């Protein structure tokens with residue numbers, strides 16, 4: 001599938017170029033911005049190198065038992081370690097420093113869970129429609145690692161992991177009635193995690209009426225909406241945005257899409273979303289034509305991680321969801337996320353290089 005691989009590569013490069021441009025625009029007026037921009041470019045270069053390696057590395061290597069066991073154990077150890085020795089930032093421990101390098105173990109956990117579930121559900125096809133062996137193990141695996149990330153605390157990444165897990169289970173053939181029935185307690189658990197913490201309740205109230213919390217939890221959303229309003233249809237021009245001048249918090253990370261809206265306008269935001277849509281379509285084409293079920297599920301999982309996180313970020317910055325920090329894939333400044341997402345694209349490209357048409361149809365069981 002050379003065409004799909006080429007389109008995916010071109011789309012990712014376009015998204016990266018957009019991110020570099022916007023991060024440069026924000027960092028030019030941000031205290032210490034030069035260092036921020038250098039780090040972003042460095043992580044983009046590292047990520048591109050990893051993507052190139054992953055695209056040449058046979059994805060079936062992940063099926064080796066020793067590799068899978070090491071990956072899962074290492075992920076568990078890192079998630080526990082960050083709770084103990086992680087660097088506290090805004091009351092959360094999500095970053096850990098190893099050998100002079102700082103990274104987020106939760107980003108690695110997303111990859112580990114997707115690879116593990118893809119392998120286990122592909123080899124467990126004979127009992128995939130049963131409750132005990134087909135439905136419970138994948139869900140418990142996702143819940144286990146999500147619980148470790150929730151302890152940081154971080155609610156955004158677990159939501160992305162669980163949404164991706166449900167998508168993979170659906171494609172793998174897990175009975176739809178099990179998925180629909182389990183969605184109720186899962187959503188109930190998310191609701192409980194919101195109401196159990198006062199700062200999360202305040203975020204929801206600020207989302208419903210941001211102007212009543214204009215100096216606290218509603219400040220992010222108000223400034224984000226102001227950026228979109230100022231951008232209008234065609235934007236103020238690259239580098240001409242004003243919300244980044246200490247008005248819009250996290251303008252280079254979680255709310256970078258608002259800067260895109262201000263400087264590139266509605267046209268720029270729609271073009272950005274169109275790029276993500278094209279990437280998802282090409283990735284699902286690869287999933288459909290992968291040489292085996294493991295490759296198909298792996299491609300679906302990677303697509304889910306990118307799609308759900310992008311949708312989550314766009315929904316937050318436009319006020320469709322309460323404020324929660326998650327970087328926009330390929331665009332936001334975030335070292336670990338950039339490197340991990342580019343590595344995932346490399347795996348997609350490798351699956352595409354082995355895919356052939358026509359292939360079997362993926363028909364979920366009802």
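The numbered conditions (1) over 30 Å from residue 201 (Cβ atoms); (2) assigned to a loop (DSSP other than H, G, I, E, B) are all true for residue 298 except (2). Residues considered: 339, 314. Of these, the only one that is within 17 Å of residue 16 (Cβ to Cβ), surrounded by fewer than 24 Cβ atoms within 10 Å (Cβ to Cβ) and either modelled with pLDDT of 95 or more or touching a helix residue (DSSP H, G or I) at 6+ places or on another chain (Cβ under 8 Å) (or both) is 339.
Of the residues that sit in segment 98-131 and are in contact with a helix residue (DSSP H, G or I) (Cβ under 8 Å, 6 or more places away or on another chain) and modelled with pLDDT under 90, which one is surrounded by the most Cβ atoms within 10 Å (Cβ to Cβ)? Within segment 98-131, the match that is surrounded by the most Cβ atoms within 10 Å (Cβ to Cβ) is 103.
Is there a residue in segment 81-95 that is crowded, with 19+ Cβ neighbours inside 10 Å and part of a helix (DSSP H, G or I)? Looking for residues that are crowded, with 19+ Cβ neighbours inside 10 Å and part of a helix (DSSP H, G or I), one finds at least one in segment 81-95, hence yes.
Taking residue 194, is it in contact with a helix residue (DSSP H, G or I) (Cβ under 6 Å, 6 or more places away or on another chain) and either closer than 28 Å to residue 86 by Cβ or surrounded by fewer than 18 Cβ atoms within 10 Å (Cβ to Cβ) (or both)?
yes
Selection of segment 1-53 for residues being crowded, with 18+ Cβ neighbours inside 10 Å and outside any helix (DSSP H, G or I) yields 1, 30.
For segment 266-284, the tally of residues that are more than 17 Å from the chain's Cα centre (by Cα) and crowded, with 19+ Cβ neighbours inside 10 Å stands at 3. Just so you know, in segment 210-231 the residues that are out of contact with any helix residue (DSSP H, G or I) (no Cβ under 6 Å at 6 or more places or on another chain) and either at pLDDT 95 or above or part of a helix (DSSP H, G or I) (or both) include one that is surrounded by the fewest Cβ atoms within 10 Å (Cβ to Cβ), and it is 211. When segment 96-112 is filtered for residues that are under 14 Å from residue 144 (Cα atoms) and either part of a strand (DSSP E or B) or without any contact (Cβ under 8 Å) to a residue 60 or more places away in the chain (or both), the ones remaining, listed by number, are 106, 109, 112. For segment 244-262, indicate whether the set of residues that are surrounded by fewer than 24 Cβ atoms within 10 Å (Cβ to Cβ) and either in contact with a strand residue (DSSP E or B) (Cβ under 7 Å, 6 or more places away or on another chain) or over 27 Å from residue 336 (Cα atoms) (or both) is non-empty. Among the residues of segment 244-262, not one is surrounded by fewer than 24 Cβ atoms within 10 Å (Cβ to Cβ) and either in contact with a strand residue (DSSP E or B) (Cβ under 7 Å, 6 or more places away or on another chain) or over 27 Å from residue 336 (Cα atoms) (or both), which makes the answer no.
Kindly indicate which of 135, 144, 166 is surrounded by fewer than 23 Cβ atoms within 10 Å (Cβ to Cβ) and more than 19 Å from the chain's Cα centre (by Cα).
Details: 144 fails: more than 19 Å from the chain's Cα centre (by Cα); 166 fails: more than 19 Å from the chain's Cα centre (by Cα).
After applying the criteria, what remains is 135.
Taking segment 54-80 as the range and being assigned to a helix (DSSP H, G or I) and under 23 Å from residue 13 (Cα atoms) as the test, the residues that pass are 54, 55, 56, 59. Among the residues of segment 5-23, those identified as without any contact (Cβ under 8 Å) to a residue 40 or more places away in the chain and under 18 Å from residue 43 (Cβ atoms) are 13, 17, 20.
The values are calculated or read from the model by the stated rules, or taken from the named source; none is laboratory data. The structure presented is a predicted model; accordingly, all values stated were derived computationally and were not measured. Glycine gets a Cβ as well: all are built from the backbone with ideal geometry, and neighbour counts include every protein chain shown.
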